[in-house]
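S.K.: I'd like to ask you about the structure that follows.
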2 protein chains.
Amino acid sequence: MLQTTIEMEKAAVILKLLGDKTRLTMMKLIDKQACCVCEFVEIFQFSQPSISQHLRKLKDLGLVNEERKGQWIFYSVNKSNEYYSFMKPILDQLPDQNYKLKELEEQGTRISCC
Amino acid sequence: MLQTTIEMEKAAVILKLLGDKTRLTMMKLIDKQACCVCEFVEIFQFSQPSISQHLRKLKDLGLVNEERKGQWIFYSVNKSNEYYSFMKPILDQLPDQNYKLKELEEQGTRISCC
DNA sequence: AGCTTATATAAGCAAATATTTATATAGTTA
DNA sequence: TAACTATATAAATATTTGCTTATATAAGCT
């Protein structure tokens, strides 16, 4: 079975993006289901612009999809991106992060959007 | 088949280290055979301290082994490190970098050590 | 021992990155 | 249309990173 390869330059850029705990957790979360910005703000306890800028970087590489639903914008992993197969084994080895969403629900902090 | 997981914190740290093109290329090279510092200096055209500092970071996480042979120190991927299985699928998807060593040989720039 | 070669460490600096506050845009609702 | 909510963008700033030069350490050679 011939292993598909990725350009070194591109691989490094993607790994650098994933090498930030916030973005890595985001990607693991939205690999399973779409999340909106306000959820991330709650989960990570960073300012909204900070969250938006992380998402922007992921979007600039095409790693995520955004879908507007009314005033909310939902982000999810773009599984048809050419580099998804490169990232998949990484994401698969990460522990499930959905408990973070569950926590929000329990706190009742999970906002109107979801 | 249960997928082994890695702590998020640790995963992010490792990905950040691999998210540098120099270190990523180093790791791909020494996944196959040990290389010494002087080779890296030739390959990457950075100062020797710069190379040593990259290697130091990899060593601090236990990702590489160092073996002294006389005045040279050879570095190789530490395959018995607990996180090697996390990195392996990444390294496997990278294009082979051994042509860089071949180039050194052809130039005759490949130093005494090897 | 003294010189040379290979590597590591320390210190300084420049570039890149991530955060914040302030402001703009876009959609929703009264 | 005016007020409100969600998100994006811009600008300022703090932190981190990676490089360089200078210096230290360690091994080999004469």
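The values are calculated or read from the model by the stated rules, or taken from the named source; none is laboratory data. The shown structure was predicted, so the numbers you read here are calculated from the model rather than taken from an experiment. For neighbour counting, all protein chains shown are included, and Cβ atoms are generated from backbone atoms with ideal geometry for every residue, glycine included. Ligands, DNA and RNA are stripped out before the accessible areas are found, and what is left, the full protein with its side chains, is counted by its heavy atoms. Shrake-Rupley method; radii C 1.70, N 1.55, O 1.52, S 1.80 Å.
S.K.: How many residues are of a type in the set (Lys, Arg) and open to solvent by less than 40 Å² (accessible area, probe 1.4 Å) if we restrict to segment A:1-55?
M.R.: From segment A:1-55, those of a type in the set (Lys, Arg) are A:10, A:16, A:21, A:23, A:28, A:32; that's our starting set.
When the remaining residues are screened for being open to solvent by less than 40 Å² (accessible area, probe 1.4 Å), the result is A:23, A:28.
Number satisfying all stated conditions: 2.
S.K.: Let me ask another. Looking at B:13, B:37, which one is of a type in the set (Val, Ile, Thr) and at the interface with chain A (Cβ under 9 Å from one of its Cβ atoms)?
M.R.: Working: B:37 fails: at the interface with chain A (Cβ under 9 Å from one of its Cβ atoms).
It is B:13.
S.K.: I need the full set of residues from segment A:61-90 which are part of a helix (DSSP H, G or I) and open to solvent by 30 Å² or more (accessible area, probe 1.4 Å), in order please.
M.R.: Our first condition is that a residue be part of a helix (DSSP H, G or I); within segment A:61-90, this holds for A:84-90.
Scanning segment A:61-90 gives A:85, A:88, A:89.
S.K.: Something else about it: More than 9 Å from DNA strand D (Cβ to nearest atom), more than 11 Å from the chain's Cα centre (by Cα), more than 23 Å from residue B:106 (Cβ to Cβ) and not in a loop (DSSP other than H, G, I, E, B), is that true of residue B:14? Write out each step before concluding.
M.R.: Values: more than 9 Å from DNA strand D (Cβ to nearest atom): yes; more than 11 Å from the chain's Cα centre (by Cα): yes; more than 23 Å from residue B:106 (Cβ to Cβ): yes; not in a loop (DSSP other than H, G, I, E, B): yes.
When the stated conditions are applied, residue B:14 passes them.
S.K.: Using the structure shown, decide if residue A:58 is without any contact (Cβ under 8 Å) to a residue 12 or more places away in the chain and buried (at least 16 other Cβ atoms within 10 Å of the Cβ).
M.R.: Details: without any contact (Cβ under 8 Å) to a residue 12 or more places away in the chain: no; buried (at least 16 other Cβ atoms within 10 Å of the Cβ): yes.
Taking the combined requirement at face value, the residue does not satisfy it.
S.K.: Next question. With the condition kept exactly as written, say whether any residue in segment A:43-60 is within 14 Å of chain B (Cβ to nearest Cβ), within 25 Å of residue B:87 (Cα to Cα) and assigned to a loop (DSSP other than H, G, I, E, B).
M.R.: no
S.K.: Working only within segment A:41-55, note down all residues that are on the phi > 0 side of the Ramachandran plot and touching a residue at least 40 places away in the same chain (Cβ under 8 Å). Steps first, please.
M.R.: Filtering segment A:41-55 for residues on the phi > 0 side of the Ramachandran plot gives A:45.
Residues satisfying the conditions do not exist here.
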